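The values are calculated or read from the model by the stated rules, or taken from the named source; none is laboratory data. Since the structure is predicted, the reported quantities are computational estimates derived from the model, not experimental observations. When we count neighbours, we look across all protein chains shown, and the Cβ atoms used for this are built from the backbone with ideal geometry, even at glycine. For accessibility, only protein heavy atoms count, side chains too; no ligands or nucleic acids. Shrake-Rupley method; radii C 1.70, N 1.55, O 1.52, S 1.80 Å.
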Amino acid sequence: MSTVTAESPAARWLIGVLSVVVFAAVIIVLYAMPGRGPAPGTPGALATVNAVLNGGAAVFLLTGYAFIRKRKIKAHRTCMVTAFVLSSLFLVTYLFHHAQVGSVPFRHEGWIRGVYFAVLVPHVMLAVVIVPLVLFTIYRGWTERIEKHREIARWTLPIWLYVSVSGVAVYLMLYHL
């Protein structure tokens, strides 16, 4: 691979470390910290903030995609950076929320339980994958390696959208069914 097309070793290292730190932080908060939060089935303020941030990220992702289709690069960049900031804020509030309440169990039975897990399982798996994908995509766009940015953005956008939208769906199923 030529140095023109490859990320610098420092960038790869930093993206790798950030991805591992995020994954480890989520695992620690969900499974190693005893949570004591609101009554079961009652969303705390942070749970609602998380859903709003996820929904906002999805809106900016779609708007940014529409802008790039119209070749409005500055507006595209603004939307995508905003989506990244919202997703980053989501991660911080998600960690704070789950440090307080722990892992929130789904309390419904029957067919809706299957629907919930059909949304949740790919959400969780893709949430792990999306962190390095987003970081590489933004890095490539920011460093104006547009062809490489486009190559990875074709994968990043639909996965990021699914994670954002399914996060809102999980919130709604946990707290508003």
*Which of the trypsin sites (Lys or Arg not before Pro) across region 79-153 are loop residues per DSSP, with 13 or fewer other Cβ within 10 Å?*
R107
*Hydrodynamic radius by Kirkwood, which averages 1/r over all alpha carbon pairs of the chain, in angstrom*: 17.3
*asked:* Is there a quick way to get the dipole size of the chain? I mean about its Cα centre, with the Cβ of Lys and Arg at +1 and of Asp and Glu at -1; what is the value in debye to the nearest 20?
replied: 560
*Based on DSSP H runs of at least 4 residues, each adding -39500 (n - 2.57), what is the mean residue ellipticity at 222 nm of the chain after dividing by all its residues, to the nearest 500 deg cm²/dmol?*
-28000 deg cm²/dmol
_Quick check: residue separation of W142 and V115 times 0.36 nm, minus the Cα distance between them. What number comes out in nm?_
5.9 nm
_What number comes out for accessible area per residue over the chain if the probe is 1.4 Å? Units Å², please._
60
_Starting from the 7 Å offset along Cα-to-Cβ, what nm value, one decimal, do you get for the label separation of I27 and K72?_
4.3
*Top positive-direction residue, dipole computed over the chain with Cβ charges, set I73, H98, V119*: I73
_Packing-based ranking, highest mean first, of 156-162, 12-18, 56-62 given that Cβ atoms within 10 Å are counted_ = 56-62, 156-162, 12-18
*State whether region 68-115 is rounded, prolate or oblate according to the following rule on the C-alpha gyration tensor (a ≥ b ≥ c being the square roots of its eigenvalues): a/c under 1.5 gives rounded; otherwise a/b larger than b/c gives prolate, and the remaining case gives oblate.*
oblate
*Report the extension gain between H108 and W155 in nm, rounded to one decimal, defined as 0.36 nm multiplied by the number of residues separating them, less their alpha carbon distance.*
13.6 nm
*the chain: longest stretch without exposed GluC sites (Glu not before Pro) (DSSP loop, at most 15 other Cβ within 10 Å), sites themselves excluded?*
1-108
